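What follows is a set of notes on a single structure, which appears directly below.
No value in this document is a laboratory result; all are computed from the given coordinates. In this text, all values refer to a predicted model and were calculated from it rather than measured experimentally. So basically every Cβ, Gly included, is an ideal-geometry build from the backbone, and we count neighbours across all protein chains shown.
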Amino acid sequence: MSNSIRNSFLGLGPMSNNVIEAIDEYSFEEKKAIMIICSRNQIECKSLGSGYVNDYSTEDFSSIINHKKKRNPYIYLCRDHSGPFVRNTPKDNLKDELNDTKTSMQVDIECDFDLIHVDTSLCGSQKYEIAEELINHCNSLDKKKESLFFEYGSEEHGVALNRENFKRDLDFLSKFNNIEFLVGTTGSLTKEIYQAGEFNNEDSLFMSNLAEEYNIRIKDHNCDYLDFADVKLRKISGIGALNVAPSFGAFESKILINIASSLQLFKLIENFKNVVLQKKKWIKWCYDNSNNNIKFFSSAHYFFMHESYFELVEQIKKHRDLNKETINFLKKYINIYLQDID
């Protein structure tokens, strides 16, 4: 991997095939780097059950992205939140979870991932010890050498930055020479289908200035539903990159429902909405008293492989080019994050 990943300011989750195509088209047309950041719930290796995004395994997904990279040098294949207990259905003990994490990471490396986010935030007092084991494990598998970079840490929601803990994170990372990002607690918070956080400029400047001494960039997670002013504020505060994911699933779902409503496909809409609400994936993003529309749009993307979704899409495509309309809209949203940021 070339050092041009240093030019990347946006990490975007592959919420669907349309999101993937929007990333590819926008980055190639605008010549701006974008990190495609897949969580282990979204994309996972075959031996561990694959993921919910199009039922893709790591092997299949990386083949698609690496094929695009032959034409497009502006996309990077990255792993988000890889560590013990990070999946929706973790195993009961640390040993098994650690082994699964190593298996997942090995496949990532074999599939030419550019960056792996090591997240040991759920490992308690052993978080540094396990992170060091995982980073050393990955480095020992990296046959290309100097081709693999790491992100470390996990955002904390609804709490102020603990500066002493942040300094300890940097001291820990100083023993490695291929750390690209440290996750920073900036106040960003995605909730329901809104940006519910309050960005802390003072903490962000503190983190970015100190991290720069280590040649490490701060990654701000939970940066969904921002406007251009919000993005610029993070940029001038020294934040090195932003992660965005669920909002793109919500926006694609809104496009789907708006077009379907214009075609009066109300019964099929209702069928799909009922499936989404009954499955309760919205619990991760919403409150119990959130209204059903918010619950639906926050979690519909988890069910883009459900029969009720395909039935709705099939009818829409008889009248409209749903994929093209969706991709064009999502490219405009990507531009909010990357316009005039060089």
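Past the 24 Å Cα-Cα mark, which pairs from LYS219/LYS273; LYS280/LYS317; LYS273/LYS317; LYS127/LYS219; LYS102/LYS295? Distance filter (> 24 Å) returns LYS219/LYS273; LYS280/LYS317; LYS102/LYS295. What separates the Cα centres of the range 118-160 and the range 239-311 is a distance of 32 Å. Site-free segments of the chain were taken between trypsin sites (Lys or Arg not before Pro) in DSSP loops having at most 12 other Cβ atoms within 10 Å, sites themselves excluded; the longest one is 32-142. The residue among LEU256, ASN165, ASN178 whose Cα reaches farthest toward the positive pole of the charge dipole of the chain, with charges on the beta-carbon of Lys, Arg, Asp and Glu, is LEU256.
Across the options ASN72, ILE283, GLY238, the greatest Cα extent toward the positive end of the charge dipole of the chain (unit charges at beta carbon of Lys, Arg, Asp, Glu) belongs to ASN72.
Once C-alpha pairs closer than 8 Å and six or more residues apart are averaged by separation and normalised to the residue number of the range 248-329, the relative contact order reads 40 percent. When the GluC sites (Glu not before Pro) in the range 94-149 are filtered for DSSP coil states and for at most 15 other beta-carbon atoms within 10 Å of their beta-carbon, the remaining sites are GLU146. Can you give the helix-only mean residue ellipticity at 222 nm for the chain, where every DSSP H stretch with n ≥ 4 adds -39500 (n - 2.57) and the sum goes over all residues, rounded to the nearest 500 deg cm²/dmol? Rounded to the nearest 500, it is -14500 deg cm²/dmol.
Averaging Cα coordinates gives a centre for the range 52-71 and one for the range 6-35; these two points are 14 Å apart.
Note on LEU263 and LYS235: the model spin-label points, each 7 Å out from Cα along the C-beta direction, lie 3.7 nm apart. Taking amide hydrogens as placed 1.01 Å from N in the peptide plane, the amide H of SER39 sits under 5 Å from those of ASP80, each at least 5 positions away in sequence or on another chain.
Could you tell me the relative contact order of the chain? Use alpha-carbon pairs under 8 Å, at least six residues apart, and round to a whole percent.
Working: 564 pairs, mean separation 57.4, N = 342.
Relative contact order for the chain comes out at 17 percent.
Where nothing but the Cβ of Lys and Arg (+1) and of Asp and Glu (-1) is charged, how large is the charge dipole of the chain around its Cα centre, in debye to the nearest 20? It would help to have the intermediate numbers written out before the result.
Numbers: 42 positive and 51 negative charges, 145 e Å.
Once rounded to the nearest 20, the dipole reads 700 debye.
Each of TYR287 and LYS91 was given a label point 7 Å from its Cα along the Cα-to-Cβ line. The distance between the two points is 3.9 nm.
Below 8 Å, C-alpha to C-alpha, sequence gap of six or more: please give me the relative contact order for the range 160-268 in percent. It would help to have the intermediate numbers written out before the result.
Details: 129 pairs, mean separation 25.8, N = 109.
After rounding, I find 24 percent.
Close amide H partners of GLU44, meaning residues 5 or more places away or on another chain with modelled amide H under 5 Å apart, are SER50, GLY51, THR58.
Suppose the chain between GLU212 and HIS137 were pulled fully straight at 0.36 nm per residue; how much longer would it get relative to their current alpha carbon spacing? Each step should come with its number before you reach the end.
On the way: separation 75, 0.36 × 75 = 27.00 nm, distance 2.60 nm.
My answer for the length gained is 24.4 nm.
Among the GluC sites (Glu not before Pro) found in the range 181-257, those both in a DSSP coil and sparsely packed, with 16 or fewer other Cβ atoms within 10 Å of their Cβ, are GLU198, GLU213.
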